[in-house]
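For reference, the structure discussed in these notes is given below.
None of the figures in this text is laboratory data; all of them are computed from the coordinates on show. What you see is a predicted model, and the numbers here were worked out from it, not measured in a lab. Cβ atoms come from the backbone with ideal geometry, glycine included; neighbour counts cover every protein chain shown.
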Amino acid sequence: DAGVIQSPRHEVTEMGQEVTLRCKPISGHNSLFWYRQTMMRGLELLIYFNNNVPIDDSGMPEDRFSAKMPNASFSTLKIQPSEPRDSAVYFCASSFIPPGTDTQYFGPGTRLTVL
Amino acid sequence: DQQVKQNSPSLSVQEGRISILNCDYTNSMFDYFLWYKKYPAEGPTFLISISSIKDKNEDGRFTVFLNKSAKHLSLHIVPSQPGDSAVYFCAAVANFGNEKLTFGTGTRLTIIP
């Protein structure tokens with residue numbers, strides 16, 4: 001199994017530009033999570049989907065962030081417009097429920113730098 | 001409001017000795033706890049977990065202890081090996097099964113050969 005696939009691995013962009021991060025979950029998994037890692041706050045859950053439906057988006061920082069999951073094998077996290085404070089590593093993870101919660105599998109992350 | 005806290009950003013331990021990583025939480029609704037390990041340029045990977053009905057769970061060199069009254073858990077690694085050098089994240093779940101993990105800020109463990 002290829003594991004969770006994220007692209008791009010690195011993204012450098014200028015303030016105001018649109019950024020799209022992509023994720024392919026593990027085949028057969030029915031839950032998908034987007035996290036952001038920063039030094040100050042550690043790993044923060046931004047949003048998660050179950051069976052392609054957004055369940056909890058309370059962690060999405062503001063309206064500039066949006067996430068979609070059009071099908072079971074693909075999800076995107078979009079930032080428009082991007083700001084320097086969005087610079088972080090963004091992780092996608094997937095799992096299969098029923099529980100347990102110890103089976104979240106993470107992708108390698110996308111390091112985003114907004115200049 | 002950081003509900004899961006790892007107050008030590010870094011820890012250095014000699015190879016062969018015991019490594020103890022600590023985690024505190026504030027939400028009394030948390031009933032399931034996990035530790036994840038992260039190497040550079042990789043995503044976190046699950047290491048070990050514990051339910052609130054237990055106070056200890058052991059898996060090989062790794063043992064997690066839970067003190068519910070103190071809202072504190074710790075991860076013990078013994079003996080420590082160079083491959084254990086990584087960032088360790090503590091995570092917690094409220095109402096086991098709802099999948100939403102709350103992570104701490106992480107502790108960078110360095111094992112000195």
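One residue alone among A:87, A:31, A:82 is surrounded by 14 or more Cβ atoms within 10 Å (Cβ to Cβ), of a type in the set (Ser, Thr, Tyr) and either touching a Cys at 6+ places or on another chain (Cβ under 9 Å) or within 11 Å of chain B (Cβ to nearest Cβ) (or both), and that residue is A:31. Within the range B:8-33, residues that are touching a residue at least 12 places away in the same chain (Cβ under 8 Å) and more than 17 Å from residue B:84 (Cα to Cα) sit with their Cβ atoms under 9 Å from residues that are hydrophobic (A, V, I, L, M, F, W, C) and loosely packed, with under 13 Cβ neighbours inside 10 Å, at 6+ positions apart or across chains, in these pairs: B:24/B:70; B:31/B:53. With respect to (1) within 14 Å of chain A (Cβ to nearest Cβ); (2) loosely packed, with under 15 Cβ neighbours inside 10 Å; (3) of a type outside the set (S, T, N, Q), the lone exception for residue B:113 is condition (1). For the range A:1-43, the strands (runs of 3 or more DSSP E) that sit wholly inside it and include 3 or more residues that are hydrophobic (A, V, I, L, M, F, W, C) and either within 25 Å of residue B:106 (Cβ to Cβ) or in contact with a Lys or Arg (Cβ under 8 Å, 6 or more places away or on another chain) (or both) are A:19-24, A:31-38. Of the strands (runs of 3 or more DSSP E) lying entirely inside chain B, those containing at least 1 residues that are hydrophobic (A, V, I, L, M, F, W, C) and on the phi < 0 side of the Ramachandran plot span B:10-14, B:19-25, B:30-38, B:45-51, B:62-67, B:72-77, B:86-94, B:107-112.
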